[in-house]
Amino acid sequence: MEQATVDSTPNNLKVETGMVGAEPVIRVQGEVTLGTAPQLRAQLLASARQTTGTVRVDLSQVSYMDSSGVGTMVYVKREIERTGRRMVLIGLQPRVRSVFELTHLDKFFTIVQADGEMGGP
């Protein structure tokens, strides 16, 4: 598994790219806040450039995301879509999912509970 890690103080944020079957998945762990969002954006975009097809982002280990994190996800999604690809968010914890629902971004993003629910490339 290829791994790239971003650490940010005081909240450690870990980002790694791995494979689920034959498909690449970017896994994010920790809290996404004003302090970690810029590093997350850079890492997601770098990881997306190294893959083809749908960009799968596993957020199941993200315990907290503030508005800057949500803004980062919107920015990354738009950048990925400019290349004719799509982005899917996987496994949002209830606390994180509620942020997307309150802002109605659950309609903007493709959000699935498990990687197998995505269907198609």
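Per-structure values
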read-out	value
Residue that is nearest to Gln43 (Cα to Cα) [pool: residues in the stretch 18-32 that are in contact with a Lys or Arg (Cβ under 7 Å, 6 or more places away or on another chain) and touching a residue at least 60 places away in the same chain (Cβ under 8 Å)]	Val25
Some residue of the stretch 14-33 being surrounded by 13 or more Cβ atoms within 10 Å (Cβ to Cβ), at pLDDT below 85, within 23 Å of Ala114 (Cβ to Cβ) and of a type outside the set (Asp, Glu)	yes
Criterion: of a type outside the set (Val, Ile, Thr) and either touching a strand residue (DSSP E or B) at 6+ places or on another chain (Cβ under 6 Å) or surrounded by fewer than 14 Cβ atoms within 10 Å (Cβ to Cβ) (or both) - qualifying residue of Ala42, Ala37, Ala114	Ala114
Residue satisfying all of: in the stretch 61-104; surrounded by fewer than 17 Cβ atoms within 10 Å (Cβ to Cβ) and of a type in the set (A, V, I, L, M, F, W, C); modelled with the lowest pLDDT among these	Leu102
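The values are calculated or read from the model by the stated rules, or taken from the named source; none is laboratory data. Model, not experiment: these values are computed from the prediction. When we count neighbours, we look across all protein chains shown, and the Cβ atoms used for this are built from the backbone with ideal geometry, even at glycine.
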